[in-house]
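My questions will all concern the structure given below.
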Amino acid sequence: MVNLELHAFQAQMDPHFIFNSLNAIHHYILTTSTDMASLYLTRFSKLMRLMIANFNKEWISLEDDLEALELYIQLEQLRFEPQFAYRLHLSPDVIQQSTLVPPLIIQPYVQQAIWHRILQRPQKTGGQLEIFIGRDQDGLYIQVTDNGTRNELPPTSYTAAQLSRNVAIAAERLHIMSEKYHMQASIAEQDLFDETARANGNRVTIKMRHITSRQLLAG
């Protein structure tokens with residue numbers, strides 16, 4: 001588990017992502033867009049701090065996990081705007097401050113949706129990314145939905161290999177946590193179609209037992 005946590009941390013600290021982020025900050029500085037450079041740098045440094053603080057924890061609050069997730073999406077959005085917009089919706093019956101989740105699980109699937117699918121759309125505008133988190137009795141589910149294509153990146157490319165590795169690490173960590181804490185966790189992927197049966201998106205659904213800080217302390 002410790003080895004997987006280290007690999008998950010290394011996956012999130014992807015040199016490709018870090019280089020691109022720093023390069024974007026450098027671009028904003030050179031183009032005298034100091035406000036954008038400041039915004040980008042603030043979000044980047046905050047994301048790095050959260051990653052370092054959370055990587056070796058088994059559980060963090062959903063609130064902390066979503067904060068890091070949104071920072072990541074916003075950094076990618078700053079680079080690729082107006083190629084996609086995102087929406088994060090939390091069901092009212094999910095209390096993010098007391099709901100616990102394993103860290104480093106959701107982001108790889110969001111990263112995959114952005115890079116594998118949304119950015120591969122022939123159109124360079126109109127991409128949509130939606131993250132929905134809800135309850136189903138004693139279960140918690142997270143849905144990552146996009147309107148991207150299924151045009152896969154070349155399997156030999158660095159981005160494709162890195163994304164596949166990140167997703168595999170997240171799935172393995174969730175499996176181990178599920179075995180240890182009886183979370184009944186699962187991950188399912190599905191293609192989405194419009195009314196004419198034409199493919200128009202993808203969805204990943206992560207399900208697990210809803211666990212709160214009170215339950216963890218009691219059990």
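None of the figures in this text is laboratory data; all of them are computed from the coordinates on show. These figures come from a predicted structure and were not determined experimentally. Cβ coordinates were reconstructed from backbone atoms using ideal geometry, including for glycine residues, and neighbour counts include every protein chain displayed.
Only one of the values (i) 17.0; (ii) 20.5; (iii) 18.2 was calculated from this structure for Kirkwood radius over Cα pairs in Å; name its label.
(iii)
May I pose another question? Please list, ordered by chain and number, the residues whose modelled amide H lies under 5 Å from the amide H of I211; skip anything fewer than 5 residues away on the same chain.
L100
Same structure, new question: Mind checking region 104-155 for trypsin sites (Lys or Arg not before Pro) that DSSP puts in a loop (not H, G, I, E or B) and that have at most 15 other Cβ atoms within 10 Å?
Numbers: sites: R117, K124, R135, R150; in loops: K124, R150.
Passing sites in region 104-155 are K124, R150.
Report the extension gain between R203 and R49 in nm, rounded to one decimal, defined as 0.36 nm multiplied by the number of residues separating them, less their alpha carbon distance. Intermediate results must be reported in sequence, preceding the final value.
Numbers: separation 154, 0.36 × 154 = 55.44 nm, distance 2.94 nm.
Gain in length upon complete extension: 52.5 nm.
Any chance you could count the Lys pairs in the chain whose alpha carbons are under 24 Å apart, treating pairs 8 or more apart or on different chains as valid? Mind showing how you got there, number by number?
Values: K46/K57; K57/K180; K57/K207; K180/K207.
Here the count comes out as 4.
Rounded to whole Hz and in sequence order, give me ³J(HN,Hα) for region 95-108 from the Karplus expression 6.51 cos²θ - 1.76 cosθ + 1.60, θ = phi - 60°, writing x for Gly and Pro.
8, 5, 5, 9, 7, 10, 9, x, x, 6, 9, 6, 4, x
If I stretch the segment between Q190 and D35 completely, what's the gain in nm (0.36 nm per residue apart, minus their alpha carbon distance), one decimal? Please report the intermediate quantities before stating the final value.
Values: separation 155, 0.36 × 155 = 55.80 nm, distance 4.02 nm.
Here the segment from Q190 to D35 would lengthen by 51.8 nm.
What length, rounded to one decimal in nm, is gained on full extension from H27 through to T42, with 0.36 nm per residue of separation minus their alpha-carbon distance? Don't jump to the answer; show the numbers that get you there.
Working: separation 15, 0.36 × 15 = 5.40 nm, distance 1.53 nm.
Computed gain between H27 and T42 is 3.9 nm.
For region 110-122, just list the computed ³J(HN,Hα) in residue order, Karplus coefficients 6.51, -1.76 and 1.60, θ = phi - 60°, integers in Hz, with x standing in for Gly and Pro.
3J(HN,Hα) across region 110-122, in whole Hz: 5, 4, 4, 4, 5, 7, 6, 10, 5, 6, 8, 4, x.
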